Amino acid sequence: MQREILWHDFDTSGKKYSPMLRNILIACIIGSVSLSSCAQVSVPSSSEPVKKDTKISGTTSSPTTTPASTSTPSSSTTSPSGGILGQGSDQIVNGLKEALSLSAINSSSILSIANGFYKNAAIKILMPPDAKLVESKLRAIGLGAQVDELILSMNRAAETAAKDAAPIFVGAIRSMSFTDAMGIVKGPNDAATQYLKQATTAQLNSKFRPVIQSALQKVDATKYWSDIFSTYNQLPFVQPVNADLTAYVTEKALNGLFYTMAQQEAKIRMDPAATANDLINIVFGKK
């Protein structure tokens, strides 16, 4: 009977291999046994003592199970279809802030130049509704030039105040939250304008009123107003008028400002690429 192969049958000179070890090495080469299993087969060095009657048993490799990787969900809202929901929260807010800042600066620049209000029929400041009767009666008695001068003065005052709007808008834009930003991005074409109107009207009113009052006084608008209504109040059978010119012009100036802001916002939403701003294009380009 053939005896079992023992460790001392192995020739450590490398010239002779036992059949069992040779089979294991061949299996490693052709991939039947994993590399990790092959590494587990120890070949005794010539310096190590060889234990008698120690059998070489075959090594059976067990399949290695690689645990499924668990991806950590990103903090940003994603969407398989891309678009605004596929952008990070910071990117959305920053892109919207860029768009609003651009709208605010453009609106302020458009309105603060000469005739920014006066030559724009949509926002031109005219006599107040309760003074229309005053205007018509004054024009009828030859005071039309004075009325026109008053109208020009009111618009010039609004144009002067408009340049102070941008910094106030920018302050409100910087404090915008992610929730506000998402509501604006997914809202109507004037959503940002409505947000700023709610957030800044009180501050703008406080800022505009003294500027407009000073501007009206500088061009003698308050004098024209006083002269006109003093004259009107002296007419027989009329109800005296005592309107606050500064308050009226301030209100109309703010209305014109937000009207222009809404136009600028809609333009950016419709053609974000025209801004040549990467953030704006990312936020509004793939809604």
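The values are calculated or read from the model by the stated rules, or taken from the named source; none is laboratory data. From a predicted model like this one, the values you see are computed outputs, not experimental measurements. Every residue, glycine as well, gets a Cβ built from its backbone with ideal geometry; the counts of neighbours run over all protein chains shown.
Considering only region 195-210, state which residues are touching a residue at least 24 places away in the same chain (Cβ under 8 Å) and farther than 13 Å from Leu96 by Cβ. Can you show your working first?
Filtering region 195-210 down to residues touching a residue at least 24 places away in the same chain (Cβ under 8 Å) leaves 196-197, 199-201, 203-205, 207-209.
Lys197, Ala199, Thr200, Thr201, Gln203, Leu204, Asn205, Lys207, Phe208, Arg209 - these are the residues of region 195-210 that are touching a residue at least 24 places away in the same chain (Cβ under 8 Å) and farther than 13 Å from Leu96 by Cβ.
Sort through Gly142, Gly187 and tell me the only one that's on the phi > 0 side of the Ramachandran plot and either free of Cβ contacts under 8 Å to residues at least 60 places away in the same chain or touching a His at 6+ places or on another chain (Cβ under 9 Å) (or both). Full working, then the answer.
Numbers: Gly187 fails: on the phi > 0 side of the Ramachandran plot.
Exactly one residue qualifies, and that residue is Gly142.
Determine whether region 94-104 contains at least one residue that is touching a Gly at 6+ places or on another chain (Cβ under 7 Å) and either in a loop (DSSP other than H, G, I, E, B) or not hydrophobic (A, V, I, L, M, F, W, C) (or both). Show your work before the answer.
Here is the first cut: in region 94-104, the ones touching a Gly at 6+ places or on another chain (Cβ under 7 Å) are none.
No: region 94-104 contains no residue that is touching a Gly at 6+ places or on another chain (Cβ under 7 Å) and either in a loop (DSSP other than H, G, I, E, B) or not hydrophobic (A, V, I, L, M, F, W, C) (or both).
Across region 235-280, what is the total count of residues that are touching a Gly at 6+ places or on another chain (Cβ under 9 Å), surrounded by fewer than 19 Cβ atoms within 10 Å (Cβ to Cβ) and outside any loop (DSSP other than H, G, I, E, B)?
2
Could you grab the pairs with beta carbons closer than 6 Å, sequence gap of 6+ or different chains, first residue in region 110-136 and among the hydroxyl-bearing types (Ser, Thr, Tyr), second one outside any loop (DSSP other than H, G, I, E, B)?
Ser112/Glu159; Ser112/Ala162; Tyr118/Asn155
For region 127-152, which positions are out of contact with any helix residue (DSSP H, G or I) (no Cβ under 6 Å at 6 or more places or on another chain) and part of a loop (DSSP other than H, G, I, E, B)?
Ile141, Gly142, Leu143
Among the residues of region 221-243, is there at least one that is at pLDDT 85 or above and touching a Phe, Trp or Tyr at 6+ places or on another chain (Cβ under 9 Å)? Lay out the reasoning, then the answer.
The first filter runs over region 221-243 and keeps only residues at pLDDT 85 or above, leaving none.
No, that holds for no residue.
Residues are listed down the side, and each one gets a yes or a no for (1) over 23 Å from Gln263 (Cα atoms); (2) buried (at least 18 other Cβ atoms within 10 Å of the Cβ); (3) in the same structural domain as Gly256 (by TED's automatic domain parsing); (4) of a type in the set (Lys, Arg):
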| site | (1), (2), (3), (4) |
| --- | --- |
| Gly144 | yes, no, yes, no |
| Ala161 | no, yes, yes, no |
| Pro167 | no, no, yes, no |
| Phe178 | yes, no, yes, no |
| Lys186 | no, no, yes, yes |
| Gln194 | no, no, yes, no |
| Ala202 | no, no, yes, no |
| Ser206 | yes, no, yes, no |
| Leu216 | yes, yes, yes, no |
